[in-house]
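Only the coordinates and a few stated rules stand behind these numbers; no lab work does. Computed from a prediction, not measured in an experiment: that's the story for all the values here. Heads up, the Cβs are rebuilt from the backbone with ideal geometry, glycines too, and the neighbour counts pull from every protein chain shown.
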Amino acid sequence: MAETTTRRAPTTQELAAWRAFIETTEALRSRLGARMQAESGISMQDYAVLLALREAPERNLRSSELADVVGWERSRLSHHVGRMERRGLVERQGPAGGGWGSCVHLTADGAAVFRRASVPHLQAVAELFVDALTPEQVDAAGQIARTLGARLAEDDTSR
């Protein structure tokens, strides 16, 4: 027989915390995105792809790995990379060493755009997130994010 689990509804206090978390996270993302666009001319999605490639060995990742790193579906990544490729930020190449799947490579122009965007972005993160919290709250926020991330990753592997 299948094991049944008892589900409970969140309390009013838990729902209030959840709602504050979601609404604040969305407001923060929106504000960071608007500043990124205004100050650097790229989107937060562009920045996520550029960051992943900048941190990758040889600034190169298979498309499937890149999708996993940025947390997107493969089709969304493919469309977005196509737009970035037309702007000269990335290029698609055949797989390194043969095999299946294409690779996405950070171009010199893409690296330059990333460098220019990083300074104002990090300043915005400091201003909107770090400076608004105490060091203890920053640590707690990091711990909460890691705990939630681990739970979500655990749920993904159990399916």
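Scan segment 48-80 residue by residue and report those that are over 19 Å from residue 33 (Cα atoms) and outside any helix (DSSP H, G or I).
Selection gives 56, 60, 61, 62, 73.
Can you say whether residue 131 is of a type in the set (Asp, Glu), farther than 17 Å from residue 29 by Cα, without any contact (Cβ under 8 Å) to a residue 12 or more places away in the chain and in a helix (DSSP H, G or I), as far as the supplied structure shows?
no
Do any residues in segment 65-84 that are of a type in the set (Asp, Glu) have Cβ atoms under 8 Å from those of residues that are crowded, with 18+ Cβ neighbours inside 10 Å and part of a helix (DSSP H, G or I), where the two are at least six apart or on different chains, and which pairs are they?
From residues that are of a type in the set (Asp, Glu), the pairs are 73/67.
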